[in-house]
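Accompanying notes for the structure given below.
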Amino acid sequence: MISKRAYKKILHFFVSVTFVLTVMLVGSKSAIAIEVLVHSSVDIEKLSVRELRAIFAIKRQRWPDSSPVTVVVLGGSSSLHHQFCKEVLQLFPHQLQASWDRIVYSGRGAGPVVVSSEKEMMEVLEKTPGSVGYISDATQFGALKVLGIRSQ
C-alpha cells in the first residue's frame, strides 16, 4: 500500500510533467521561419493575414494597381507548404486546395503555379511579374522583395 504522502508526491510529479509538456506543445513554433516573397514589380510592403489568405486562395486575383497576381506554391506534399498554410495563412492545406478547386472548376480562374523546390520557387518568382510565393528564411532572396505581414 502506498502512503498518502507518497501518493501526493507521485500525483504532483505527473501533474507537473503534464503541465510542462502541454506548455511546450502549445507554445512551440517550428524552428524554420517562412518569408513571403513578391516580384520586385509588386508595389506593396505589407499585407494582413486576411489579405494574404485571399491572395493564396485565389479569391483576390489583382494587386491594388490592377496588375494580375500569380500565386506560386510548393507541391502539396512539401512540409514547408504545410507549415506555410498552418502558421502563416492559418488554414489547413486541404482548405487551400478546396478553394483552388472551386476557382478552377467553376471557370473563374486558374490554380496556382506549383513548383517542386524553393530554388524553382525563386526562379519562377524572379521571372514572373506580379508573383507571390514563400520560402524558408534560410534561403537567399535575390532580387525579390520580402513582404511584411501585419496582424488583422
Points 7 angstrom from Cα along the Cβ direction at Ser41 and Ile2: gap in nanometres? 6.9
Set of aspartates and glutamates near Lys46 by C-alpha distance (under 13 Å), chain-local residues within fewer than 8 positions excluded: Glu35
Once amide hydrogens are built 1.01 Å from N within the peptide plane, the residues lying 5 or more places from Val115 or on another chain with amide H under 5 Å from its amide H are Val73, Leu74, Gly75
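Readers should treat all values here as calculations from the given coordinates under stated rules, not as data from a laboratory. In this text, all values refer to a predicted model and were calculated from it rather than measured experimentally. FYI the Cβ positions are ideal-geometry reconstructions off the backbone, even for glycines, and counts take in every protein chain you see.
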